[in-house]
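The values are calculated or read from the model by the stated rules, or taken from the named source; none is laboratory data. Since this is a predicted model, take the numbers as computed values, not measurements. A quick note on method: Cβ atoms are made from the backbone with ideal geometry, for glycine too, and the neighbour counts reach across all protein chains shown. Please note that ligands, DNA and RNA were not included when accessible areas were found on the heavy atoms of the full protein model with its side chains. Shrake-Rupley method; radii C 1.70, N 1.55, O 1.52, S 1.80 Å.
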Amino acid sequence: MSPILPSRHQQALPLEKLVLDEAPGAEAIEMDVLFVGAGPAGLAGAIELARLARADQESGGGLGELNIGVLEKAAGLGEHNLSGAVVNPRAFRELFPDLTDADFPFRQRVDAEAVYFLTEGASRRIPTPPTMHNSGNYSASISEMVRWLGEKAEALGVNVFTGFPVDALLVKDKAVCGVRTAPSGLNRDGTPGSDYAEPTDLTARVTVLSEGTRGALSQAWCEWQGVTSPNPQIFALGVKEVWKVARPLDRVIHTMGWPLPSDVFGGSWCYPQGPDQVSIGLVAGLDYGNAKLDVHTLLQCMKLHPLFREILAGGELVEWGAKTIPEGGFHALPSRRAGDGVVIVGDAAGYVDVPSLKGVHYAMQSGIYAARAIFAALKKGDTSAAALAASDRMVDASYIRADLYKTRNMRLAFKDGFLLGAAKAGLMTLTGGRFPGGRIPMHADADAPRTDGGETALVPDGVLTFGKLDAVFKSGNATRDTIPSHLLVGRDISAEVADFYAHLCPAGVYERDGEELRVNPPNCIDCKATDVLGPRWTPREGGSGPRYRVM
Ligand SMILES: Cc1cc2nc3c(=O)[nH]c(=O)nc-3n(C[C@H](O)[C@H](O)[C@H](O)COP(=O)(O)OP(=O)(O)OC[C@H]3O[C@@H](n4cnc5c(N)ncnc54)[C@H](O)[C@@H]3O)c2cc1C
Ligand code: SF4
């Protein structure tokens, strides 16, 4: 088999579908500020903005009542969010200065932690790398955090619309002036069915793109406006399970090594989530070389390791899911994350620090800064790029930029393999990021060639290990079977490329059928991995996808 270059088989971003130079329809709903995506970033931003507006009104500041909307594609809050999660509470504390840590929607404080290097049958405890210390942090379910933040936002008068995916940005000249939602009730062939509901247009003075990892609209806005970054954004895929367990887990666990091959960047986690629940997952960088690497299957194998088998013994799988993580760090941040009538926050901008495995508090903090910049812009009556650039300036003067700068080359050092990468990362930690200086250049994940390195064989037992269809069932996915495909498959997909997609997708959306690629769009759980390496993901009917409760 000759190497597969994923970018050769990928369609271009459908810019003409995602950015519409059209006037909003006559029935358009008028809002002042719209947040696209109800994750930690969007909800923290909406809360801060609603508070600032309320204080302004109470003090007779003259801004008047603000109409703030949050549009979320999931049917219910928290159902499309996935995280580890061990959370740094600092953004919660900043957003809710009157509350204590005990009031926040966390499961438990991190009291003990351990890092192991795994081989197939054994584990060796290694010193915790300085970037991975979690003392003072809390384990949590992101679905619960998002539901809690959503309640706080609604209590402040924010309109939270769930089941409303944004399909496109509405633009005029260089400015974003609103959004169009996805239609629902289409037949498989794209014609309107009996339950058809038209798209809705919403106008806004500022639209905040808080759509999370590999955001379609953020990618489109950057491309449309020619906004680039020194390195392309790169991604990892994380597959996660929540288990009910017989005995409480007494520590936060991270592992390196097996089951990932030595040329793959990544590792695993296992976090206690209260007395009878754990979160367990495996993350792998999407620049891996083996065309048959399958993160879902590797996670299943990992649970057979004595370290995890003991933790899960007598337990039961509660929920399963997957999502990508933006891993490019400082050098992959877009040169600007604000434009005329628009600001990008959270994972959509790439505010994730991979060496510490953290994104939630950066997402919230960036949402808070965006809200402050938008409030000031509305007060001045100027929502131009120049006015909204205050959001970037606040991020760049904050711990978000400082943290990402300190670890700027760490993930990138691993592009030449795990062992060399680990040695370089150690030196970077010792020198506070000064070694090797400069920027390690990186190619896009889709430009890394793949060769057939063989597949991992596993027959799921349905007790500890599960196949992809059982896993998708455990995500709560309730997508209509007759939905049209939202996945844009490239041309000339050979049997080998079909096989590559089948191994890549954790949800069994792609299958190799003889020499052909078969696609099962309803299985999709919006992890976005194939948007990075294969068929493009586009927004689809509201409420499709997973229904996570405790992710
Ligand atoms: C496997 C994994 C483990 C992680 N572990 C940790 C950890 O332990 N600690 C930590 O701090 N961080 C962790 N992170 C990172 C953290 O989860 C993210 O940084 C954080 O969730 C980002 O928040 P966000 O609001 O930007 O995006 P999200 O939480 O992804 O929220 C974005 C929202 O936008 C919605 N949306 C997307 N597109 C549209 C659209 N077109 N229309 C309407 N709605 C849309 C989505 O449905 C979603 O609800 C982890 C991430 C992963 C994937
Ligand atoms: S098809 Fe859906 S579930 Fe499969 S990799 Fe792509 S985004 Fe993820």
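Applying the selection to segment 303-327, what residues are in a loop (DSSP other than H, G, I, E, B) and in contact with a strand residue (DSSP E or B) (Cβ under 8 Å, 6 or more places away or on another chain)?
Across segment 303-327, the qualifying residues are K303, H305, G315, E327.
Considering each of G136, G150 in turn, give the residue that is within 25 Å of the chain's Cα centre (by Cα), touching a residue at least 12 places away in the same chain (Cβ under 8 Å) and on the phi > 0 side of the Ramachandran plot.
Result: G136 is the single residue among G136, G150 that is within 25 Å of the chain's Cα centre (by Cα), touching a residue at least 12 places away in the same chain (Cβ under 8 Å) and on the phi > 0 side of the Ramachandran plot.
Considering only residues that are more than 15 Å from E72 (Cβ to Cβ) and in a helix (DSSP H, G or I), which ones fall in segment 2-46?
Selection gives P6, S7, R8, H9, L15, E16, K17, L18.
Working carefully through the options K474, K528, find the one that is more than 18 Å from the chain's Cα centre (by Cα), among the basic types (K, R) and open to solvent by 10 Å² or more (accessible area, probe 1.4 Å).
Result of the check over K474, K528: K474.
Check off (1) more than 9 Å from ligand 1 (Cβ to nearest atom); (2) part of a loop (DSSP other than H, G, I, E, B); (3) open to solvent by less than 10 Å² (accessible area, probe 1.4 Å) for Y351 and give me the number that stays unchecked.
The one condition Y351 does not meet is (1).
For G178, state whether it is away from ligand 2 (no atom under 16 Å from the Cβ), touching a Ser or Thr at 6+ places or on another chain (Cβ under 6 Å), modelled with pLDDT of 95 or more and on the phi > 0 side of the Ramachandran plot.
Here the answer is yes, as G178 does meet what is asked.
Could you count how many residues in segment 42-79 are under 20 Å from C527 (Cα atoms), open to solvent by 10 Å² or more (accessible area, probe 1.4 Å) and in contact with a helix residue (DSSP H, G or I) (Cβ under 9 Å, 6 or more places away or on another chain)?
4
G490 passes all but one of (1) within 16 Å of ligand 2 (Cβ to nearest atom); (2) modelled with pLDDT under 95; (3) open to solvent by 30 Å² or more (accessible area, probe 1.4 Å); which number fails?
(3)
Quick one: in segment 521-551, of everything that is in a helix (DSSP H, G or I) and of a type in the set (A, V, I, L, M), which residue is farthest from P40 (Cα to Cα)?
Restricting to residues being in a helix (DSSP H, G or I) and of a type in the set (A, V, I, L, M), the top hit is L533.
Only one residue in L488, L464 is over 19 Å from L293 (Cα atoms) and out of contact with any helix residue (DSSP H, G or I) (no Cβ under 8 Å at 6 or more places or on another chain), so which one is that?
Criteria check complete, one pass: L488.
Filter segment 51-66 down to the residues that are within 18 Å of K152 (Cβ to Cβ) and touching a residue at least 12 places away in the same chain (Cβ under 8 Å), then identify the one that is farthest from ligand 1 (Cβ to nearest atom).
Looking at the filtered set, the residue picked out is R54.
Does segment 287-302 contain at least one residue that is open to solvent by less than 10 Å² (accessible area, probe 1.4 Å), farther than 23 Å from L533 by Cβ and not in a strand (DSSP E or B)?
no
Could you say whether any residue in segment 457-478 is within 16 Å of ligand 1 (Cβ to nearest atom), more than 30 Å from P232 (Cβ to Cβ) and at pLDDT below 95?
yes
From the residues in segment 537-551 that are of a type in the set (D, E, K, R) and more than 16 Å from the chain's Cα centre (by Cα), which one is nearest to ligand 1 (Cβ to nearest atom)?
R540
Let me spell it out: the conditions are (1) away from ligand 2 (no atom under 16 Å from the Cβ); (2) over 24 Å from V354 (Cα atoms); (3) touching a residue at least 24 places away in the same chain (Cβ under 8 Å), and S123 meets all of them except one. Which number is the exception?
Going through (1) away from ligand 2 (no atom under 16 Å from the Cβ); (2) over 24 Å from V354 (Cα atoms); (3) touching a residue at least 24 places away in the same chain (Cβ under 8 Å) one by one, S123 breaks only (2).
Tally time: how many residues in segment 1-26 are open to solvent by 40 Å² or more (accessible area, probe 1.4 Å) and touching a Ser or Thr at 6+ places or on another chain (Cβ under 8 Å)?
4
Would you mind finding the one in R480, R518 that is assigned to a loop (DSSP other than H, G, I, E, B) and either more than 10 Å from ligand 2 (Cβ to nearest atom) or of a type in the set (D, E, K, R) (or both)?
Every option except R480 fails the conditions.
Restricting segment 541-551 to residues that are farther than 17 Å from V239 by Cα and open to solvent by 20 Å² or more (accessible area, probe 1.4 Å), which is nearest to ligand 2 (Cβ to nearest atom)?
E541
Looking only at segment 95-132, count how many residues are at pLDDT below 95 and either open to solvent by less than 20 Å² (accessible area, probe 1.4 Å) or within 26 Å of the chain's Cα centre (by Cα) (or both).
Residues that pass the stated criteria total 5.
Residues in segment 509-517: is at least one within 12 Å of ligand 1 (Cβ to nearest atom), closer than 12 Å to S485 by Cα and at pLDDT 95 or above?
no
Pairs needed: first member in segment 249-268, outside any strand (DSSP E or B); second member anywhere, of a type in the set (V, I, T); C-beta distance under 7 Å; at least 6 residues apart or different chains.
L249/V278; L249/I311; W258/T119
Go through segment 499-516 and count every residue that is surrounded by 23 or more Cβ atoms within 10 Å (Cβ to Cβ) and farther than 20 Å from F235 by Cβ.
So the count comes out to 0.
Checking A168 against (1) of a type in the set (G, A, S); (2) open to solvent by less than 40 Å² (accessible area, probe 1.4 Å); (3) over 23 Å from A338 (Cα atoms), which single condition isn't satisfied?
Among (1) of a type in the set (G, A, S); (2) open to solvent by less than 40 Å² (accessible area, probe 1.4 Å); (3) over 23 Å from A338 (Cα atoms), the lone unmet condition for A168 is (3).
When segment 269-305 is examined, which residues are found to be farther than 21 Å from A457 by Cα and in contact with a helix residue (DSSP H, G or I) (Cβ under 6 Å, 6 or more places away or on another chain)?
Correct list: D287 only.
Within segment 225-248, restricting attention to residues that are outside any loop (DSSP other than H, G, I, E, B) and over 28 Å from Y405 (Cβ atoms), which residue is farthest from ligand 2 (Cβ to nearest atom)?
Residue satisfying both the conditions and the ranking: K244.
Just give me the residues in segment 137-165 being hydrophobic (A, V, I, L, M, F, W, C), touching a helix residue (DSSP H, G or I) at 6+ places or on another chain (Cβ under 7 Å) and surrounded by fewer than 21 Cβ atoms within 10 Å (Cβ to Cβ), in sequence order.
The answer is L156, and nothing else.
Inside segment 201-219, can you point out the residues that are over 22 Å from the mean Cα position of the chain (by Cα) and either under 24 Å from A236 (Cα atoms) or part of a loop (DSSP other than H, G, I, E, B) (or both)?
Within segment 201-219, A204, R205 meet the criteria.
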